Amino acid sequence: MGAYDNCIILIPTLQSDERLIQMIHGLHERVFYKIAVTDDGSSDDRQKYFQEAEIMSVKVIHHSKKMGKGVDLRLADEKIGESDFYITADCDGQYSSEDIEKVAKELLENPDYFVLGVRTCERKKGKKVRFWLNSCQKLFFRITNHGKECPDPRSGLRGFPASLKKLALCIEGKSYDYELDFLDAAIQKTPIEVVPICSDTNNRNKTSHFRPVVDLLGMYLKFWKYLFTSNVATVFDLVFFIIFESLFSKLGTISIFVATICARAISGSVGYILNRYISFQSKLNPEREMVRYSIVFVCQMAANGRISYL
């Protein structure tokens, strides 16, 4: 029995080339034999690489058309056999078999952790765009995850235990947004461990299918939805404050306090509904979530009302 027989490697591919075969050879040399590859609607001239992979005892899952990286990973999780650990990695030359082994070793040493391969990015000439892109991604991740830090949210090299497989199957998303949403959800359930890796970004950029503008907007759709719903709730708050302040004007200075409380009650309810069903599409118990939200909201509302009255 090999050292990594309890690990399955998931490799999503689109228009694969000889680097897929090189990657499989490298994994076999490091005694990784449970490997699953998804063909995301690659053209006929690329099928020879998948045929060669099958000859090397790799499980290949074909899609008749492009479905997106998120669908690739989710279907691979669904169709492959059960295992103790799962590792995902792109085959565009960015991650080496040595990097994958680093993640595997860390996962075996910390079986209850989510392990993320963190790419080492240096701010060199010609790399400023990537540097600022990574900085923005880390900032967005912190904002949408209650201040939690992640040094490389977009890294495709990650390992997770079988306890998170059900979660991986439940997360929606067709493209790179799936990876980010899965990472968001996973770190709420299990601690995260980072492993530094050497990323060959020059090699990757030649055939990368990542679209900086379109895919980044999709990855952070939750953030944009939250921004939109927050502004809607703010408008409700302002409009109803004006209405209630006018209605209770005969109460004197206390009318501001009463108007603030009433307006916040309405805008808070609107904000909760929009955020639950639009921004985050939460599947948590609504009663428990409502209680938590209400406690925070009442404290905030009382403080704001008191400040407005003063």
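Here are a few things to note about the model shown:
- Enumeration of residues in region 62-96 that are modelled with pLDDT of 75 or more, part of a loop (DSSP other than H, G, I, E, B) and either more than 16 Å from Arg154 (Cβ to Cβ) or open to solvent by 30 Å² or more (accessible area, probe 1.4 Å) (or both): Ser64, Lys65, Lys66, Met67, Ile80, Gly81, Glu82, Ser83, Asp84, Cys91, Ser96
- For region 24-37, the criterion of being more than 22 Å from the chain's Cα centre (by Cα), open to solvent by less than 10 Å² (accessible area, probe 1.4 Å) and aromatic (Phe, Trp, Tyr) is met by at least one residue.
- Residues located in region 21-36, provided they are in contact (Cβ under 8 Å) with a residue 40 or more places away in the chain, under 25 Å from Asp112 (Cα atoms) and in contact with a Ser or Thr (Cβ under 8 Å, 6 or more places away or on another chain): Leu27, Arg30, Phe32, Lys34
- Yes/no for Glu18 being open to solvent by 60 Å² or more (accessible area, probe 1.4 Å) and in contact (Cβ under 8 Å) with a residue 40 or more places away in the chain: no
- Selected residue (criterion: nearest to Ile8 (Cα to Cα)) from residues of region 42-51 that are surrounded by 15 or more Cβ atoms within 10 Å (Cβ to Cβ) and either acidic (Asp, Glu) or in contact with a Leu (Cβ under 7 Å, 6 or more places away or on another chain) (or both): Tyr49
- Which listed residue, of Ala303, Ala233, is over 25 Å from Gly173 (Cα atoms), open to solvent by less than 60 Å² (accessible area, probe 1.4 Å), of a type outside the set (Val, Ile, Thr) and at pLDDT below 80: Ala303
- Taken as a whole, the condition of being open to solvent by 20 Å² or more (accessible area, probe 1.4 Å), over 17 Å from Tyr33 (Cβ atoms) and either touching a Ser or Thr at 6+ places or on another chain (Cβ under 6 Å) or without any contact (Cβ under 8 Å) to a residue 60 or more places away in the chain (or both) does not apply to Lys59.
- Residues satisfying the stated conditions in region 37-48, i.e. touching a residue at least 24 places away in the same chain (Cβ under 8 Å) and either over 15 Å from Ile80 (Cα atoms) or aliphatic (A, V, I, L, M) (or both): Val37, Asp40, Gly41, Ser42, Ser43, Arg46
The values are calculated or read from the model by the stated rules, or taken from the named source; none is laboratory data. The structure presented is a predicted model; accordingly, all values stated were derived computationally and were not measured. Methodologically, a virtual Cβ is constructed for each residue, glycine included, from the backbone with ideal geometry; neighbour enumeration extends over all protein chains shown. With ligands, DNA and RNA removed, areas are computed over all heavy atoms of the protein, side chains included. Shrake-Rupley method; radii C 1.70, N 1.55, O 1.52, S 1.80 Å.
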